[in-house]
Amino acid sequence: MTARIGVVTFPGSLDDRDTQRAIRVAGAEPVALWHKDKDLKQVDAVVLCGGFSYGDYLRAGAIARFSPVMDTVIEQAKAGLPVLGICNGFQILTEAHLLPGGMLGNDHLHFICRDQKLRVENADTAWTADYESGQEIHIPLKNMDGRYVADRYTLDKLEAEGRVAFRYLDVNPNGSLNDIAGITNEAGNVVGLMPHPEHAVESLIGTGRTDGLPFFTSILKKLVTA
């Protein structure tokens with residue numbers, strides 16, 4: 001049976017169709033989920049895609065966190081459902097307290113759009129198993145509020161437990177503490193990152209590389225062997 005991966009669309013989402021295509025390229029079935037619908041349609045995993053949900057009013061992700069669909073996502077994520085948050089999705093995951101810390105405006109106060117070099121720090125999560133720890137990859141980055149912050153205790157805990165999933169290399173594009181580009185929860189089923197792997201799954205688009213595809217093949221293999 002083909003794995004079914006849900007992609008949530010909020011008002012202001014930009015990358016839901018791109019994410020659905022990336023899932024399809026990886027060999028799974030994308031399932032469109034609407035923010036007002038609590039029913040996840042029995043999907044095997046969920047992606048919260050990039051964009052500017054609710055116009056980023058109050059804080060990026062702060063309103064989307066209270067959408068009806070998030071009640072179910074939060075409940076099922078705590079029970080083990082794999083959830084990936086990309087850019088705005090990462091912001092929503094922090095607002096929902098599925099991941100620690102928070103996101104602030106870029107330290108240079110400008111929107112940034114670039115191909116970003118990353119290092120894979122944790123290849124043991126549901127979404128990163130097709131990478132190698134220490135592997136260097138290039139993934140498109142585009143954000144205004146991408147600066148990851150947390151108190152010192154949380155940062156030390158993330159580092160000590162190996163829960164930094166990705167780290168920026170060569171340049172820190174937004175002032176994120178410890179050069180953090182993405183993190184995971186303790187169980188490894190919830191991952192959030194600011195760069196956009198869905199834009200790097202085919203050689204003809206994005207970076208011209210397929211460095212983002214392992215996100216989607218990782219979860220597919222996880223679901224098939226579960």
- What's the extension gain from A187 to Y57 if we count 0.36 nm per residue and subtract their Cα-Cα distance? 43.7 nm
- Message: With a cap of 14 neighbouring Cβ atoms within 10 Å, and only residues DSSP puts in a loop, list the GluC sites (Glu not before Pro) found in the stretch 122-226.
- Response: E132, E161, E186
- Note on the structure: Taking a ≥ b ≥ c as the square roots of the eigenvalues of the Cα gyration tensor, with a/c under 1.5 meaning rounded and otherwise prolate when a/b exceeds b/c and oblate if not, the chain is rounded
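By the gyration tensor of its Cα atoms, with a ≥ b ≥ c the square roots of the eigenvalues, what is the shape of the stretch 88-135: rounded for a/c under 1.5, prolate for a/b over b/c, or oblate?
Oblate is the answer for the stretch 88-135, as a/c is 1.5 or above yet b/c matches or exceeds a/b.
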- Query: L104 to R152: FRET efficiency via 1/(1 + (r/R0)^6), r the Cβ-Cβ distance, R0 25 Å, to the nearest 0.05?
  - Reply: 0.95
- Message: Using only DSSP helix segments of four residues or longer, with each worth -39500 (n - 2.57), what per-residue ellipticity at 222 nm results for the chain after dividing by its residue count and rounding to 500?
- Response: -7000 deg cm²/dmol
- Message: Can you give me the long-range amide H partners of G182? Hydrogens built in the peptide plane at 1.01 Å from N, cutoff under 5 Å, separation of 5 or more residues or another chain.
- Response: A165, F166
- Query: Could you give the dipole magnitude of the chain about its Cα centre, charging the beta-carbon of Lys and Arg +1 and that of Asp and Glu -1, in debye to the nearest 20?
  - Reply: 320
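Can you classify the stretch 123-164 as rounded, prolate or oblate using the Cα gyration tensor, where a ≥ b ≥ c are the square roots of its eigenvalues, rounded means a/c under 1.5, and otherwise it's prolate if a/b beats b/c and oblate if not? All intermediate terms of the calculation are to be shown ahead of the outcome.
Values: a/c = 2.55, a/b = 1.12, b/c = 2.27.
Note, shape of the stretch 123-164 comes out oblate.
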- Item | Stretch gain in nm, segment F66-E29, where the contour uses 0.36 nm per residue and the Cα spacing is subtracted | 10.7 nm
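Report the trypsin sites (Lys or Arg not before Pro) located in the stretch 6-62 that are in a DSSP loop and have at most 11 other Cβ atoms inside 10 Å of their Cβ, or state none.
Answer in residue order: K36, K41.
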- Could you list which residues have their amide H under 5 Å from that of D107, counting only those 5 or more apart in sequence or on another chain, with H placed in the peptide plane? G175
- Task: Convert each backbone phi in the stretch 103-108 into a coupling constant with the Karplus relation 6.51 cos²θ - 1.76 cosθ + 1.60 (shift: θ = phi - 60°), then list the ³J(HN,Hα) values in order as whole Hz, x for Gly and Pro.
- Result: 10, 10, x, 3, 5, 8
- Message: Give me the percent relative contact order of the stretch 14-140, please, defined on Cα pairs under 8 angstrom at least 6 residues apart.
- Response: 19
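Quick note: the coordinates plus some simple rules give every number you see, no bench work behind them. Remember, predicted model here, so these are calculated numbers, not experimental data. Note: ideal-geometry Cβ built from the backbone for every residue, glycine included; neighbour counts use all protein chains shown.
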